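Taken together, the values in this text are just the output of simple stated rules run on the coordinates, not laboratory data. Quick caveat, the model's predicted, so the values are computed rather than measured. Reconstructed Cβ throughout: ideal geometry from the backbone, glycine too, with neighbour counts over all protein chains shown.
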Amino acid sequence: MPDRGGGPTGPRIRVGRPSRRARTLLMTLGVLAVLAMAFVMFAGFWTDWLWYRSVHYSSVFTTTLWTKIGLFLVFGLLMAAAVGVNIWLAHRLRPPLSAMSMEQQSLDRYRMGIQPYKKWLLLGITALVGLIAGASASGQWRTWLMFVNGVSFNQKDPQFKMDVSFYAFDLPWYRFLLGFGFAAAVLSLIAAALVHYLYGGLRVTTPGARATAAATGHLSVLLGVFVTLKAVAYWLDRYGLAVKSSDFKATGNWTGLRYVDANAYLPAKTILFCIAVICALLFFATLWRRTWQLPMIGFGLMVLSAILIGGLYPAIVQKFTVQPNEQAKEAPYIQKNIDATREAYQIADTDVDDYTGKSTTKDTAKQRADADLAASYRLIDPNVVSPTFQQLEQKRKYYGFPATLDVDRYKGQDTVIGLRELNIAGIQKHNWINDHFTYTHGYGAITAKGTATDSNGAPVFTESGLPTTGSLGEYQQRIYYGEKTTQYSIVGGPQKELDYEDNGEKTTSYAGKSGVSLSNPLNRAAYAVTLGEPQLLYSGAIGDGSKILYNRTPKQRVEAVAPWLTIDGDAYPAVVGGKIQWVVDAYTTTNGYPYASRTTLGDTTADSLTDNQRAVVAQQNQVNYIRNSVKATVDAYTGDVKLYQWDNEDPVLKTWMKAFPGTVKAKSEIPTDLMSHLRYPQDMFKVQRELLTRYHVTDPKQFYSGSDAWQVPNDPTTKDNRAVPPYYLSMKMPGQKAAGQQFSLTTTFTPSGRPNLGGFMAVDADAASPDYGKIRLLRVTSEVPGPEQVQNKLNGLPAVANFVRDMKGADSDIEYGNLLTVPLDGGFLYVEPVYAQGNNSHYPLLKKVAVSYADADSPDGDTTAFANTLGEALNEVFGVDGTGTTPPPDTGTTTPPPTGDNATAKEAIADAQKAYDDGQAALKKGDWVAYGKAQTALQDALQRAADAEAKAKKS
């Protein structure tokens, strides 16, 4: 035993091996640590399995799991075998060390160091690369399932005449295999070269031969494999041109072949493929020639060819052939892009009609009557009135409504609906029992007429109260699953839940079939680890019958049971069959549709109302094909998820249905009462409208020039300069064959860089309609004011200025509602509700309605009114009295000339009108200095008018 310590007479300290007890303790702690880590990993797997089993989608979990495991094992073993065999082979081919050079002698200590551990080192290296490769391959489970289950599109690309399924399902898998092959070849080459160098097969500094014959042959074969893979890459690159993205000034984001691709890159890839094959054969030939001279010459020629043929030649063709006559050269390829994009986004059948923007009749009484029939004008804006629902129908602080309510139809009437969901932040006393056992659910659906308000400007509720009563009849009002329900709850056990408070507390115990049982100690332990909540192990509030509910938002549940779907950002509730059902629209997408331009879902679907709750899932996914192929429902009480096939022709959905059989129900199984509440999804509509800003043009020459390009206007009712949202509205389009109004989703366009109206788009949004999904597009052919211009005109009205001043004086805020646009009699009718919210009321009430009729033949472009009700505003705009007749013209003989303060007020109003007109003229010219002066003059004139009016009242 070694001695440590003082001198000959000092104390001696013996340091020896740890005692047997210490070693046992250390081993025990190590085993416990390993078991703890293993249980943490097991807990995540086990809780996932329990959840999928509870929602009856265990096949999704098992299919996904076994696919990942299979890919992990196969590609992990392949990579480990490739690297391991080449390391073993390089070691076996090592030269004898009897006549070592000085370079090799310097490496001797490394060889001696690894000699005792070389087997373990080999196993360790191969295991490491195998684990990394397997983990990477397991992430390709979607690619593999689409490859093996792919269904034909029965559509061929215009260049190679290959079915679209090759690009959507096969090519991504081939590219993965190619990438895996490159990785295996490079790692094997590096590993073999290091072993050859370590054991003398390669020399770097020693004069003479740089490699032994065995090392030369081995490494040449590996290089030959690499070059062979490069040849395959060149061949696949030919097909990749059909789905390649590039920048093109005519379209911005371009997908597919252009002239230079078809006439330069395509033949270049074919030539490079042939050169690579020859070069690979030269490398393989070194097994007999034992020299690298020819292969290296061939490799150098391949690199030079790639630069000249693959890079320089296409640049020359672009510069000297395409650019001098680009429009003519690119026209055939632009046409292919237009056709493919319109087909991929389901806008090919869009009805595009010219719309003059000029009134077809001068009979204002008829126009007034037609206005009543053109649409059901929704005065209750679901994006504004949530605080009103909150104030009038919240009932308790621990309830809440979403910031944006939803629009649906009940008994043929546009209805605004919101669920009274649990708001955990409103609980007065927070603790674990209250947060997860007592307060577990919301209560009731609140609905209001979309087209009417009461005398105070509040919504007219058709279902209200706690519990609710009204037009919806009897239904299960408890809401355990909703958009605001993000925390887990434990229900059904000894601890009772608060149901609602109505002259005392009512309690309940969850009787639904959803949730995972916590009666099993193993389940409790697994969830305690997964949720980081140790109280789950020992709490007396958990007992027989206790179940845990989680993944409770509709989007979470649908995304979990169908991870191959992209989820719409706006789930909405519908009361059908005595239940509250969340309806979730879901999409199948691909990024491999030849020639179709790509779009980024997160950017395309963003507008002035998008928030984290209503953002489309997978925001930054780039796609160039989309279908609303699935309608899903989530029961607000049981959490039951059902997927219904909506698009029976979509090959992407058919592919996923083959991969996950039995998960999607047939369209015929959709209940009839649910069908009346299904609607066209907003995110799909927003993607299509963004594409139609350019792809409403089908002539390649006009498309190239961009002369008729549009843009989605900014929302004029907000200040964040974000796109105007689409609006659901029951209306009738010009030329529409169906009698009466149709539930529609609408939007407007303005010409690129211009504020006037360029187009109007509407889609039949009623799923029960035979024309469901039919897009109608009106191309405005004359100068008609756009939404921002109408809003500016409204803001400049003296009546609006007086209203705003009065409201501000009463310490109230003004909020503009949805600016609805409706085609009417050749022109466009704009309707906008205006709300006021006082500091004492805490919620907005409808106070005024603004109406503007935009007509290119009108001297001012539009006629705008601002009145207490919609009827009064329409009467004023069309110049009719309350009976619908036109009042006699004012001859001026019965009105005395203005005197005194009346004359001052009229003069001020005239000045205000002139200042407003000057401002609009400056705005069109982009003269911001003149516009600022006009606005100052407008404010001064309005103030003079107000002062004169106040003086007249005093006198």
message: Based on alpha-carbon centroids, what's the gap between region 681-739 and region 620-639 in Å, whole number please?
response: 23 Å
- line: Note: region 488-551, point scatterers on Cα, Debye, no solvent; log10 I/I(0) at q = 0.12 Å⁻¹ equals -0.31
query: Cα axis of helix 521-531 to longest principal axis of the chain: angle in degrees, 0 to 90, nearest 10?
result: 70 degrees
message: Between 0 and 90 degrees, rounded to the nearest ten: what's the tilt of helix 928-954 against the longest Cα principal axis of the chain?
response: 40 degrees
message: 7 Å from Cα along Cα→Cβ at both Asp354 and Lys319: what's the point-to-point distance in nm?
response: 4.5 nm
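Take peptides 554-566, 801-813, 818-830 and line them up by average Cβ neighbours within 10 Å, highest first, as a rough protection proxy.
Highest to lowest by the protection proxy: 818-830, 554-566, 801-813.
Working out 0.36 nm times the residue gap between Asp813 and Lys719, then minus their Cα-Cα distance, what length gain in nm do you get to one decimal?
Gain on stretching Asp813 to Lys719: 32.3 nm.
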field: aspartates and glutamates whose Cα lies under 14 Å from that of Lys449, excluding same-chain neighbours fewer than 8 positions away
entry: Asp381, Asp406, Asp408, Asp414, Glu463
statement: Amide H contacts under 5 Å for Asp499, restricted to residues at least 5 apart in sequence or on another chain and with H modeled in the peptide plane, are Lys506, Thr507, Thr508
- prompt: Say R0 is 30 Å: what FRET efficiency, to the nearest 0.05, do Leu287 and Arg175 get from their beta-carbon distance?
  reply: 0.50
query: Residue separation times 0.36 nm, minus the C-alpha to C-alpha distance between Asp339 and Gln535: what's the value?
result: 64.5 nm
Stretchable slack from Lys506 to Asp940, in nm (0.36 nm times residue separation minus alpha-carbon distance): 150.2 nm
query: How do 637-648, 61-72 rank on mean C-beta neighbours within 10 Å, highest first?
result: 637-648, 61-72
- prompt: So what's the chain giving for Rg/Rh, alpha carbon basis, Kirkwood Rh from the mean inverse pair distance?
  reply: 1.08
- line: One finds, for His56 and Asp544 with R0 = 30 angstrom and r their Cβ-Cβ distance, a FRET efficiency to the nearest 0.05 of 0.85
- prompt: Which FRET efficiency value, to the nearest 0.05, do you get for Leu89 and Asn149 by plugging their Cβ-Cβ distance into 1/(1 + (r/R0)^6) with R0 = 30 Å?
  reply: 0.20
statement: Among region 789-819, those whose backbone N falls under 17 Å of a label point 7 Å along Cα→Cβ from Gln391 are 807-817
